[in-house]
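Peer 1: Have a look at this one.
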Amino acid sequence: MSAVIAEHDDHHDDHDHGPAKGLLRWIITTNHKDIGTLYLLFALAMFFVGGAMAMVIRAELFEPGLQFVDPQFFNSMTTMHALVMVFGAVMPAFVGLANWMIPMMIGAPDMALPRMNNMSFWLLVAGVLLLASTLFMEGGAPAGGWTLYPPLVLQTGKAFPFAVFSVHLLGISSIMGAINIIATIFNMRAPAMTLMKMPLFVWTWLITAFLLIAIMPVFAGAVTMLLTDKFFHTSFFDAAGGGDPVLYQHIFWFFGHPEVYVMILPTFGVASTIIPVFARKPLFGYASMVYATASIAFLSFIVWAHHMFTVGMPIAGELYFMYATMLIAIPTGVKVFNWTATMWKGSMTFETPMLFSIAFVVLFTMGGFTGLMMSVAPVDFQYHDTYFIVAHFHYTLVPASVFILMAAGYFWLPKWTGHMYNEKIGQLHFWLSAISVNILFFPQHFLGLAGMPRRIPDYAVQFADWNMISSIGGFIFGVSQLLFLWIVIDTIKGGTGEKVSDEVWEDAKKHGLEWTLPSPPPYHTFTTPPTEIPTEHF
Amino acid sequence: MKKAKQLFASMIFMTLGLGSAHADYTLNLMEGKTKLSHDIYDLHMLILWICVFIGIGVFGTMFYSIYHHRKSKGHKAEQFHENTTVEIIWTIIPTIILVAMAIPATKAMLEINDVKEAEMTIKVTGKQWYWDYEYTDSGVHFESHLDEGSERAHRVSNIDPKTVPHYLLNVDKPLVVPIKKKIRFVFTAADVIHSWWVPDLGWKKDANPGFINEAWTSVDEPGIYRGQCTELCGRDHGFMPIVVIAMDQASYDAWTKDTLAKQNAKPDLADQTREQLMAKGESVYLRNCVACHQIDGTGISGHFPALRGSAKVTGPIDPLIGFLQAGTSRMPAFSKLKDDELAQLITYIRNAPALGNKVGDEIQPNKITPVYDDEE
């Protein structure tokens, strides 16, 4: 062993490791910045794939009657849209941000487990490709909804086992990513970076990583039980053999509810990073933000059956899940109040990342309100499985998670590339997105309340008008996102040509370690840990 | 208030430059026609107003700040970053609001779950893709399928849905209930999970295969109330509506008597003309077969076999009768079809131009020989 090290030293003692040359760099890389870039670009690609599926859905729903697709394919589209967006776009995008930013925010040279980092990315690609391949199989892609409820999901054609295996791959990838993030945060912080000095983005990801480790095995277990029910004559979910289809729903939502928080907690973290910079103030209530995040994460484990109020539970169960769910409003409210207080008496400017962040606070709160309405079980008997819930969770995912991912892109692209993006096009992208996303999703509240169930390819004529408006909003929103694609490419190629400083945004150095590094940062950063860290909140 | 909402909606509509004779901009939850649905509506409005009130407070503060505390106006940033007092206040106040909401919610919940002392029971079975209703007291038992008008319109692209009355919300045989009677529903399913929802009754309930769920209603006034399946149940999930007709007790009793008489009638075994067999056969096909085998008999590749040119369909007739009555592991047994219906169906599928088959024979009801004797 010592001989190997000696040889290594002979060849490399006088210069830094750079990236490998050519395409191979991206395949074998163990560098957190390269892997972060891979994750982010992959997520962006999947965002457009999932978006194209949403366009198919909205095109079919533009008018009553079946115009473009078969109902079976329509169901495949709703299922695949959800799976691709959740597992292919939003989660990988946040893992990409974590890869890029966590080491730079805590003063670490890289992630703790760089080879595993590479492996978790390529397993993700394998998992998503396997999932996408089901579209071309006999009997079509899974069409039972992203929740994969039995017995319906067992009617899937040849695609069924492939979908299950792709979930396994995606789960392994997520768990490895989560282990890596936890190991990095616990072991690689700069000496001065105590836990309660960590940026909120690092905190939210730490908590999210624990959620992932807890829930992904549960989901993997549930789909494995589906697999054995289908092929090995078990009856976990089949009443005829003594099983219970509702058992699956309990297991799924024990995974599923924390899963939606996996997509929103890092969102909170990014918002808490961006808003103080553009308000030129420290984040209000840092400690309460940390505790609120932890509370939300804890509550996420004990509220799962609010997705199942109509499934037929004992009254005691229904009441318990109603009360527990209502509690989530308290820590979530604290967060919204804290962001508002951070803006209060600040000195705000409204560059594109700030615009997206403000839109996030407002529109996420709208999604929170409808969430509160649905927590009330008797009223949920009306809302459940209608377009009202579709509107609700899209408000908490699109103008929340996706908007914050856009904000993060605009916020850190200058740091990552050393180039400034085109602010005019950025603002155009923001206004088009913010207006069209409301034309797209707000009318869906009305549709749900008026009685339109979700996941139907065709509808009664009284739902025609709002559906048409919603579809028009959807098309505008979809096309607007091409502006973001253009901006990403343009900024990587040189952007406005303006030279960006290390801190990019005015006084950003006060807010985070990443702004003390050059723009773009060298391939390896913080090989010696920083001695001074920004302590805006102390 | 309603006028104002309509005005608001039509303004949005006009700014978008669209026009339609079918403008129907329902915005809010429907109040419904039962006590439960009124309670739920009131609860909905209470929470909606609480949310509006909080929203005005939070967004108002935020937009005041956005307008006044901006750098371009020369506002200097203050550097405060915590205040224990306000943080405690904005934790306590939401808690109190939640408790205030939980009390009426709990009351409504207990009432909805109280199925005791029901005066009659209806068993509802969800099937791919229709509902099966059984009145446990009177013995009335029938299937309720999407009506023929909607069935044709959603399968054949040149029929405009706007010309079909109650498109996708109409059935061939509606559920009939008496008003002002506490009716207990029990729900189950035959294949996958379905969910039974009529918004005017105020709730939906899942129908799970192998298990029983309960719910109750008592309808205030006569009328026709429409709903749909609300749990994704496969390809034709969007095409299994629910229609409930509520009528006074006397009319209901008459309906029960009439329905029972029809239900118990022996099949008409008299010979029929070929045209009669084909026309009625098409109806039977639309009710029972079209969901899987499709209107042109091509089936769905990978899921349901084609009838068009199928050797089983166009081959010898006796095995075909047995096959339809016995079913397979994939296809349900159609022993529920009476002999006349079976004769019509078989004649239709062997000869229908729409299915592309032309055997050129026919079978009369009295020639149907049962493989299983379905009489009890």
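Peer 1: Take B:V140 and decide whether it is over 26 Å from B:M30 (Cβ atoms), aliphatic (A, V, I, L, M) and out of contact with any Lys or Arg (no Cβ under 9 Å at 6 or more places or on another chain). Let's see the steps before the verdict.
Peer 2: Values: over 26 Å from B:M30 (Cβ atoms): yes; aliphatic (A, V, I, L, M): yes; out of contact with any Lys or Arg (no Cβ under 9 Å at 6 or more places or on another chain): yes.
So B:V140 fits the description; yes.
Peer 1: Please state which of the following conditions B:V284 fails to meet, knowing it meets all the rest: (1) surrounded by fewer than 19 Cβ atoms within 10 Å (Cβ to Cβ); (2) more than 14 Å from every other protein chain (Cβ to nearest Cβ).
Peer 2: In the conditions (1) surrounded by fewer than 19 Cβ atoms within 10 Å (Cβ to Cβ); (2) more than 14 Å from every other protein chain (Cβ to nearest Cβ), B:V284 misses (1) alone.
Peer 1: Kindly provide the set of residues from segment A:341-354 that are crowded, with 23+ Cβ neighbours inside 10 Å and facing chain B (nearest Cβ under 7 Å), ordered by number.
Peer 2: A:M343, A:G346, A:M348
Peer 1: Hey, another quick one. Go through (1) at pLDDT 95 or above; (2) buried (at least 19 other Cβ atoms within 10 Å of the Cβ); (3) farther than 17 Å from A:G451 by Cβ; (4) of a type in the set (D, E, K, R) and name the single condition B:R184 misses.
Peer 2: Here B:R184 clears every test but (2).
Peer 1: Does A:Y248 satisfy the criteria of being within 14 Å of chain B (Cβ to nearest Cβ), part of a helix (DSSP H, G or I) and either in contact with a Pro (Cβ under 7 Å, 6 or more places away or on another chain) or buried (at least 18 other Cβ atoms within 10 Å of the Cβ) (or both)? Steps first, answer last, please.
Peer 2: Numbers: within 14 Å of chain B (Cβ to nearest Cβ): yes; part of a helix (DSSP H, G or I): yes; either in contact with a Pro (Cβ under 7 Å, 6 or more places away or on another chain) or buried (at least 18 other Cβ atoms within 10 Å of the Cβ) (or both): yes.
Criteria met by A:Y248.
Peer 1: Looking at the structure I just gave you, is A:A400 closer than 24 Å to A:H307 by Cβ, out of contact with any strand residue (DSSP E or B) (no Cβ under 9 Å at 6 or more places or on another chain) and within 14 Å of chain B (Cβ to nearest Cβ)?
Peer 2: no
Peer 1: Restricting attention to segment A:149-167, and to residues there that are within 23 Å of A:F42 (Cα to Cα) and surrounded by fewer than 19 Cβ atoms within 10 Å (Cβ to Cβ), which single residue is farthest from the chain's Cα centre (by Cα)?
Peer 2: Here the residue is A:F162.
Peer 1: Ok, one more. Suppose the filter is buried (at least 20 other Cβ atoms within 10 Å of the Cβ) and either over 30 Å from B:R184 (Cα atoms) or of a type in the set (V, I, T) (or both); does B:I47 pass it?
Peer 2: yes
Peer 1: Quick one: count up the residues across segment A:225-243 that are surrounded by fewer than 17 Cβ atoms within 10 Å (Cβ to Cβ) and either without any contact (Cβ under 8 Å) to a residue 40 or more places away in the chain or hydroxyl-bearing (S, T, Y) (or both).
Peer 2: 8
Peer 1: Can you spot a residue in segment A:338-347 that is part of a helix (DSSP H, G or I) and more than 14 Å from A:A271 (Cβ to Cβ)?
Peer 2: No, segment A:338-347 has no match at all.
Peer 1: Can you tell me which residue is modelled with the highest pLDDT among those in segment B:68-87 that are touching a helix residue (DSSP H, G or I) at 6+ places or on another chain (Cβ under 8 Å) and within 7 Å of chain A (Cβ to nearest Cβ)?
Peer 2: My answer is B:H69.
Peer 1: Would you check which residues across segment A:294-324 are assigned to a loop (DSSP other than H, G, I, E, B) and either within 9 Å of chain B (Cβ to nearest Cβ) or over 21 Å from A:F210 (Cα atoms) (or both) and list them?
Peer 2: Within segment A:294-324, A:F309, A:T310, A:V311, A:G312, A:M313, A:P314 qualify.
Peer 1: With the requirement that a residue be at the interface with chain A (Cβ under 7 Å from one of its Cβ atoms) and on the phi > 0 side of the Ramachandran plot, what does segment B:180-210 give you?
Peer 2: Of everything in segment B:180-210, those that are at the interface with chain A (Cβ under 7 Å from one of its Cβ atoms) and on the phi > 0 side of the Ramachandran plot turn out to be B:G202, B:G210.
Peer 1: Has segment B:127-143 got at least one residue that is of a type outside the set (S, T, Y), more than 28 Å from B:I40 (Cα to Cα), loosely packed, with under 14 Cβ neighbours inside 10 Å and not assigned by TED's automatic domain parsing to the domain that holds B:H44?
Peer 2: So far as segment B:127-143 goes, yes, one or more of its residues are of a type outside the set (S, T, Y), more than 28 Å from B:I40 (Cα to Cα), loosely packed, with under 14 Cβ neighbours inside 10 Å and not assigned by TED's automatic domain parsing to the domain that holds B:H44.
The values are calculated or read from the model by the stated rules, or taken from the named source; none is laboratory data. Treat the numbers as computed from the prediction; the structure is a model and nothing was measured. Every residue, glycine among them, receives a Cβ derived from its backbone with ideal geometry; neighbour counts consider all protein chains shown.
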